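Reviewing the structure listed below.
The values are calculated or read from the model by the stated rules, or taken from the named source; none is laboratory data. Small disclaimer: the values here were computed from a predicted structure and weren't measured. Please note: Cβ atoms are built from the backbone with ideal geometry, for glycine as well, and neighbour counts cover all protein chains shown. Just the protein is used for accessible areas: all its heavy atoms, side chains included, with ligands, DNA and RNA removed. Shrake-Rupley method; radii C 1.70, N 1.55, O 1.52, S 1.80 Å.
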Amino acid sequence: MSDAEETSAAPTDKVAAALARAREAQPAWAALTPAERADRLRPLKKRLLRRADEIATTLTREAKKPHEEGLLAEVLPNADLVDYWTRSIEELLAPELLELDPIAYPGKSGRVLREARGVVALITPWNYPVAIPLRTLLPALVSGNAVL
């Protein structure tokens with residue numbers, strides 16, 4: 001699909017097939033390093049900024065947001081969000097050592113491993129149709145999940 005094409009809601013009978021494709025693609029995506037996934041997602045920032053006026057105009061038409069609000073609340077902060085997630089993902093996914101009570105757990109250690117879970121499904125509200133999905137979509141993708 002080109003940037004200029006419109007899309008419509010997927011018929012419910014197509015959801016199972018989309019989920020199957022996402023499940024099939026996810027292991028290869030998760031096999032990439034966090035830096036490789038970040039590199040592939042980084043161009044989204046430039047695409048958002050390049051199409052900022054178009055996105056804001058669409059938000060005005062479809063959600064009745066003032067043009068400036070579309071730019072200031074939906075486009076610009078999300079460009080920064082792309083930058084944050086793609087720059088920070090290795091640090092955010094790094095294993096974290098836990099302090100365990102030495103009396104309750106003598107000689108034990110613990111750590112948190114952050115790993116991809118598989119396919120993440122997004123159901124988001126209408127009032128911030130760019131900002132809210134991207135705040136789940138980006139961390140899910142850069143962490144190695146597929147998103148539906």
Options A52, A28; residue that is open to solvent by less than 80 Å² (accessible area, probe 1.4 Å), at pLDDT 95 or above and over 20 Å from N145 (Cα atoms): A52
Every pair of residues 6+ apart whose Cβ atoms lie under 6 Å, when the first sits in the stretch 81-109 and is closer than 18 Å to A140 by Cβ while the second is open to solvent by 90 Å² or more (accessible area, probe 1.4 Å) and at pLDDT 95 or above: T86/R42
Cross-chain or 6+ apart pairs with Cβ under 7 Å, the stretch 117-130 first and over 17 Å from A22 (Cβ atoms), then at pLDDT below 90 and of a type outside the set (F, W, Y): W126/A63; P129/A63
The lone exception for S109 - which of (1) touching a Phe, Trp or Tyr at 6+ places or on another chain (Cβ under 8 Å); (2) surrounded by fewer than 16 Cβ atoms within 10 Å (Cβ to Cβ) it fails: (1)
Filtered residue count, the stretch 76-100, keeping only those that are touching a helix residue (DSSP H, G or I) at 6+ places or on another chain (Cβ under 9 Å), of a type outside the set (S, T, Y) and open to solvent by less than 80 Å² (accessible area, probe 1.4 Å): 11
Checking A35 against (1) exposed (fewer than 13 other Cβ atoms within 10 Å of the Cβ); (2) among the aliphatic types (A, V, I, L, M); (3) more than 25 Å from L93 (Cβ to Cβ), the condition it does not meet: (3)
3 or more residues hydroxyl-bearing (S, T, Y): qualifying helices (runs of 4 or more DSSP H) within the stretch 47-148: 52-63, 76-93
Hey, K46 farther than 20 Å from L134 by Cβ and either of a type in the set (F, W, Y) or open to solvent by 80 Å² or more (accessible area, probe 1.4 Å) (or both) or not: no
